[in-house]
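Here the structure comes first, spelled out in structure tokens, and everything after it is commentary.
We did not get these values from a lab; they are worked out from the coordinates using the rules stated. Predicted model, so just to flag it, every value in this text is computed and none were measured. We place every Cβ from the backbone using ideal geometry, glycine too, and count neighbours over all the protein chains shown.
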Amino acid sequence: MALNLSQKQVVVAELADVAAKAHSLIAAEYAGTTVSQLTEMRKKARESGVFLKVVKNTLATRAVAGTDYECVKDALVGPLLYAFSLEEPGAAGRLIKEFAKGNDKLQPKVVAVGGQMYPASHVEVLASLPTREQALAMLARVLAEPAAMFARAVKAVADKQGGGEAPAEAEAETA
């Protein structure tokens, strides 16, 4: 079904808004993918914070103009599915990678992050980025380690000096 001018303007405005907020973009060829596969992919995309849309490349090119994803405009050829990660950079990569395993018709073509365009092979790199929860857990461990090292050092000095009795402060920090 062809879109009229006002409908195209709405699509471009929606995509431009999403592109302005997105962390990453993957454009993938989807020709040959079944309706049920696309429906399942859309469901997973909503659950994982990925905006998934099939639009004409001319509309997508207009939508990304003036955003970090303007770098991909010359690479947008053929029937493409656009996946924008809204909550974390690796979400779109994980989604496309997961669905490409079971569907050889879904082929990533372009990856863009931070104003840089990368080849399709970078979907693997993007998919391997930690989730927000994993990144926060790693940060918490990094921040907790200096305090733990200090407590072990105080305990070791106390053990060496006085026969095994650690000061109360050191015991409180290790507990």
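The label-point distance for Gln37 and Phe150, in a model that sets each label 7 Å from Cα toward Cβ, rounds to 5.6 nm. Cross-link pairs exceeding 18 Å between alpha carbons, from the set Lys21/Lys109; Lys8/Lys97; Lys43/Lys97: Lys21/Lys109; Lys8/Lys97. Name the residue farthest towards the positive end of the dipole of the chain from the options Leu86, Phe51, Phe150, assuming +1 on Cβ of Lys and Arg, -1 on Cβ of Asp and Glu, about the Cα centre. Result: Phe51.
Considering every alpha-carbon pair of the chain, the percent of pairs per 5 Å bin, from zero through the bin containing the longest distance, is 1, 8, 15, 16, 14, 10, 5, 4, 4, 5, 5, 5, 4, 2, 1, 0, 0, 0. Between Leu139 and Lys8, the simple label model (points 7 Å from Cα in the Cβ direction) yields a spacing of 4.3 nm.
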